[in-house]
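A short worksheet on the structure shown next.
The values are calculated or read from the model by the stated rules, or taken from the named source; none is laboratory data. What you are looking at is a predicted structure, and each value in this text was computed from that prediction instead of being measured. As a convention, Cβ positions derive from the backbone with ideal geometry for all residues, glycine included, and neighbour counts pool all protein chains shown.
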Amino acid sequence: MSDMHPGLLEHLQSCATTVCRAWDITREDGVVMGFTDHDGNLAFDGLTYRADTGLNALALQQTTGLSVDNTEALGALRDSAIREDEIEAGRYDNAEVRAWLLNWQDVNQRQLLFRGTIGEIRRSGEAFEAELRGLTQVLNLAMGRVYQRPCSAVLGDSRCTFDLNDPEFSQTLSLARIEDRRVFHFEGLAGFDENWFQLGRLLVVSGTAEGLSGMIKRDRMEQDIRVIELWHPIRADVQIGDQIRLEAGCDKRFGTCRNKFDNLLNYQGFPDIPGDDWSITDPTRAGRLNGGSRRT
C-alpha cells in the first residue's frame, strides 16, 4: 500500500509487531460503536473500541476493478454490545462499517483497510455473522429516471416537495391497541376519510421501536376506532401508549396529486406518455384520422 501510514509501515517491516484490528459501526439512527480483537480497549478519534465483545473478522477480499470488496465479521450477541433484538429490528441494516489495522502500542499508526456497509446478518444461537459490502456495492443499484405514467417521487421528498407536517396530512397520537405488531388501533382520527392514510407511512416516534416505520396497507374505521394495517409487522415491540406518526398515502396517480395534495406542479410522472397498445395501433383502425390529438 503506497498510501500506508509511514509509522505503521516501518513497524510492519520490523522484526516484531504489535498490531490488531478494529471496527467502528455507524448505524442509520446515529448510534456509533467501536470494537477490537485486541485484549484491551483502544481509543482514537473520540471513540472507544471495546475488546470484550468477541468480535472477529474473516479475510478481506479486495479487487482493483469495480467488483465489490467484501468480508465478514463474526461475534457474540451481548446486551452490552450487539443485541439480538436490535438485529431483529433492523437497527444494523445498511450501517456503515470501517475496518482498521493499527499498532495497539501507538494507535496513531493505523491504516483504514475497508469501508462499506453491513449486508446480510445471519444468527446462530448466541452468535452472529455479518456480511460486509464495499463501497462499490452501490454501483449495482439501478440509477436514473424512469419515464412512466405514475409519479416516481416519494411523497415529501426533495422532488415532491410536499410538506407532510401539515396537520391535514400527518398526525401523531398515542397507540390504543396493537395486534401482531401489524394492526394498530387509534382513537381520535374520526375527522379523516377512510383510506386517507392507505399507502402512507406509519412511524414509531417513542418507545422501544422508536425510529422504525412501515408502509400502510389498509386504513379503515371500526365505529369510533381508526384501524391501520401494515404490509409487514414492525420489527420491535410496540406498546400501548407509544407515540405513533401517521402520514397520508399517495398512489402516485395524476388525479391524486391534483385533488388530494394540490401539488400538480411537482408531479414527477408522465400521464400522457403513449402506452404499448397505442404505439402499435394500426392507423387505419383509429377512430379519427384528422391529425389531431388521439386522447379522448
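Inside segment 228-248, can you point out the residues that are touching a helix residue (DSSP H, G or I) at 6+ places or on another chain (Cβ under 9 Å) and either surrounded by 16 or more Cβ atoms within 10 Å (Cβ to Cβ) or of a type in the set (Gly, Ala, Ser) (or both)? Full working, then the answer.
Going through segment 228-248, the residues touching a helix residue (DSSP H, G or I) at 6+ places or on another chain (Cβ under 9 Å) turn out to be 235-237.
Correct list: Arg235, Ala236.
The residues in segment 29-85 that are at pLDDT 90 or above, of a type in the set (A, V, I, L, M) and either in contact with a Gly (Cβ under 6 Å, 6 or more places away or on another chain) or closer than 15 Å to Ala127 by Cβ (or both) can be counted, and the count is 1. Beta carbons closer than 7 Å, at least 6 apart along the sequence or on distinct chains, pair a first residue in segment 249-261 that is surrounded by 16 or more Cβ atoms within 10 Å (Cβ to Cβ) with a second that is outside any helix (DSSP H, G or I) and among the hydroxyl-bearing types (Ser, Thr, Tyr) for Phe254/Tyr267; Cys257/Tyr267. Residues in segment 169-199 that are assigned to a loop (DSSP other than H, G, I, E, B), without any contact (Cβ under 8 Å) to a residue 40 or more places away in the chain and of a type in the set (D, E, K, R): Asp193, Glu194.
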